[in-house]
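Written below as structure tokens is the structure these notes are about.
Each value in this text was obtained by applying a stated rule to the coordinates, not by laboratory testing. If you're wondering where the values come from, they're calculated on a predicted model, not measured in any experiment. With ideal geometry, Cβ positions are generated from the backbone for all residues, glycine too; neighbour counts draw on all protein chains shown.
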Amino acid sequence: MKLMWFHLMPYTELPDDFRDNHPSVWVDIHSSLFDPQRAHHMYNDFMDELEFAADCGFDAICVNEHHSNGYGLMPSPNLIASSLARRTKDTKLCVMGNSIALYNPPTRVAEEFAMLDCISGGRLIAGFPVGSPMDTCFALGQNPSMLRQRYMEAHDLIIKAWTEKDTFAFNGRFNQQRYVNIWPRPVQRPHPPVWVPGGGSVETWQWCAEMEYVYCYLSYYGYKAGMQTMMGFWHEMKRIGKDMNPYRAGFLQFVGVAETEKEAYDLYREPAEYFYGRCLHVDPRFAMPPGYTTEATQRAGIESQVGRAAKEQRTNIAVSKSAREYDAILDNGYVITGTPDQVAERLRAIAKEMNVGHLMLLLQFGNMSKQLTQYNTKLFAEKVMPQLRDLFDDEWEDHWWPTPMADADRAKVSAPRMMAAE
């Protein structure tokens, strides 16, 4: 099993009355809430945390893209990944990812990902999300009914730019380029492994199977809510004749580890309630624009996570309020907390039941401090990770993992290292 450390980079100082006095954490969150001097410290703490996770031995560190967003301060994950490429050695870099329909032209993604792959010596995982409706349709003004068409055309252009040896012309509906000839070219051939984060679209499952890409479900609502989506994915893989290799899939889970069960309960209450009370405060206006959700997904009755968050905001019923309170957060499986043995036992069971070989961990969430994040990360790496490593490797091969250059052929980079928790 591959264990991957994921960071959302949330703004950690949203006010206590945020939910009452502000309509949404996304799109129209007011600029007066953002303090650049405080964000300077947040960004540097976040990057320290990512580097610390690499030092602790996680297989990959993961970053992602959001816009106009109070819980995701990475409008350009490539900027973060470029620094991590220099300050880590063997850890894989998962950019999950670039919302490729937003780039004009998409060859910008082909160039920057190729550059990251070169700097890192072939350690890049290239994530191609469609993008949330808040990011794509509202913050950056894309037509929701054309978003997936733009996405597919951008994908085709990027893959051809990576693999075509000669300069070529591209004449699509949305992109016309007379000369496509990207420099640099990626180290990995024919190109870095492509992973596709999705919310449960049937078409996305089918397309990942056709293209032999990894499907990733980045769950805000934990394994209980995610089980239906992952079972739907595997049912579709079986229906179309694909094998059940668990490395076809990735899943994200919030986790908090401590030496005792009570300590875990106490330590992670505040950051969990911060995330589910403030970071998922999404205005219903932005959640489900007409044309964004495909017909097949609607017919299958699959609800997006942001749609769920918006529905809770709109209905404001008692059960929704309780789901923002810590005991309900734990009972619903949004966050898994406990001792290392308890967490390892739960994660082993989840990975087996979901048949997921790439497990992404959110070990920093909400307003969790740098010190607590490093404590959580170190304890997981030392006492949970060894109990999960052996899953699946005796039966399945991971065909979707980066293949870096041989160590002897790579540049010797000397960079400051953070080897111990502060």
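In terms of Cα to Cα distance under 14 Å, which aspartates and glutamates are near enough to Lys242, apart from those fewer than 8 places away along the same chain?
Once the sequence-local aspartates and glutamates are set aside, what remains near Lys242 is Glu210, Glu212.
Per 10 Å bin from zero, what fraction in whole % of the C-alpha pairs of the stretch 1-129 is there, up to the bin with the longest pair?
All Cα pairs, binned at 10 Å, distribute as 12, 40, 32, 14, 2 percent.
Taking just the alpha-carbon atoms of the stretch 234-283, what radius of gyration and Dmax come out, in angstrom?
When restricted to Cα atoms, the stretch 234-283 yields Rg and Dmax of 17.9, 47 Å.
Note the full-extension length gain between Arg178 and Asn143 as 0.36 nm times their separation in residues minus their Cα-Cα distance, in nm to one decimal.
Values: separation 35, 0.36 × 35 = 12.60 nm, distance 2.54 nm.
Gain on extension, Arg178 to Asn143, equals 10.1 nm.
Take the cross-link list Lys89/Lys224; Lys89/Lys352; Lys92/Lys165; Lys2/Lys262; Lys2/Lys224 and give me the ones stretching past 24 Å between alpha-carbons. Please list the in-between numbers first.
Details: Lys89/Lys224 35 Å; Lys89/Lys352 30 Å; Lys92/Lys165 26 Å; Lys2/Lys262 29 Å; Lys2/Lys224 21 Å.
Flagged as over cut-off: Lys89/Lys224; Lys89/Lys352; Lys92/Lys165; Lys2/Lys262.
With labels modelled as points extended 7 Å from the Cα through the Cβ direction, what inter-label distance (nm, one decimal) is found for Gln387 paired with Gln37?
Taking the simple label geometry, Gln387 and Gln37 are separated by 4.5 nm.
Within 10 Å, count the other beta carbons around each residue, average over each peptide in 8-16, 272-280, 138-146, 175-183, and list them highest first. Working shown, then result.
On the way: 8-16: 19.4, 272-280: 22.6, 138-146: 15.8, 175-183: 13.2.
Order by mean packing, descending: 272-280, 8-16, 138-146, 175-183.
Tell me the relative contact order for the chain as a rounded percent, counting alpha carbon contacts under 8 Å between residues six or more apart. Could the numbers behind the result be given before it?
On the way: 772 pairs, mean separation 95.6, N = 422.
Once divided by the residue count of the chain, the mean separation gives 23 percent.
How do 164-172, 121-129 rank on mean C-beta neighbours within 10 Å, highest first?
On the way: 164-172: 11.3, 121-129: 25.9.
Top of the packing list down: 121-129, 164-172.
Over the Cα atoms of the stretch 62-167, what Rg and Dmax result, in angstrom?
Cα only, the stretch 62-167: 14.0, 43 Å (Rg, Dmax).
Spin-label point model (7 Å from Cα, Cβ direction): what's the Asp266 to Asp28 distance in nm?
It works out to 4.3 nm between the two label points.
Quick one, what does Rg over Rh come out to for the stretch 190-286 if you take C-alpha atoms and the Kirkwood Rh?
On the way: Rg = 16.9 Å, Rh = 15.7 Å.
Expressed as Rg/Rh, it is 1.08.
Using only alpha-carbon positions, what ratio does the radius of gyration of the stretch 2-409 give when scaled by 2.2 N^0.38 Å? Each step should come with its number before you reach the end.
Details: Rg = 20.3 Å, N = 408, 2.2 N^0.38 = 21.6 Å.
For the stretch 2-409, the normalised Cα radius of gyration comes out at 0.94.
Name the GluC sites (Glu not before Pro) in the stretch 322-412 that are in a loop by DSSP and that have at most 16 other C-beta atoms within 10 Å, would you?
Values: sites: Glu325, Glu345, Glu353, Glu382, Glu395, Glu397; in loops: Glu325, Glu395, Glu397.
Here the sparse-neighbourhood loop sites are Glu325, Glu395, Glu397.
Bin by bin, in steps of 10 Å, what percent of the Cα pairs in the stretch 1-76 do you find, going until the bin that has the longest distance?
Result returned by the calculation: 17, 44, 27, 11, 1.
Given the options Ser83, Ser24, Ser68, which has the most mean-square fluctuation in a GNM of the chain, springs set between C-alpha atoms less than 10 angstrom apart?
Ranking Ser83, Ser24, Ser68 by mean-square fluctuation puts Ser83 first.
How big is the gap, in Å, between the Cα center of the stretch 355-393 and the Cα center of the stretch 246-264?
Answer, in whole Å: 6.
Do any cysteines of the chain lack a neighbour Cys whose Cβ is under 4.7 Å away, and which are they?
Within the chain, the cysteines lacking a partner Cβ under 4.7 Å are Cys56, Cys118, Cys137, Cys208, Cys216, Cys279.
Which value, in debye to the nearest 20, gives the size of the charge dipole of the stretch 100-157 about its Cα centre, when Lys and Arg are +1 and Asp and Glu are -1 at the Cβ?
100 debye
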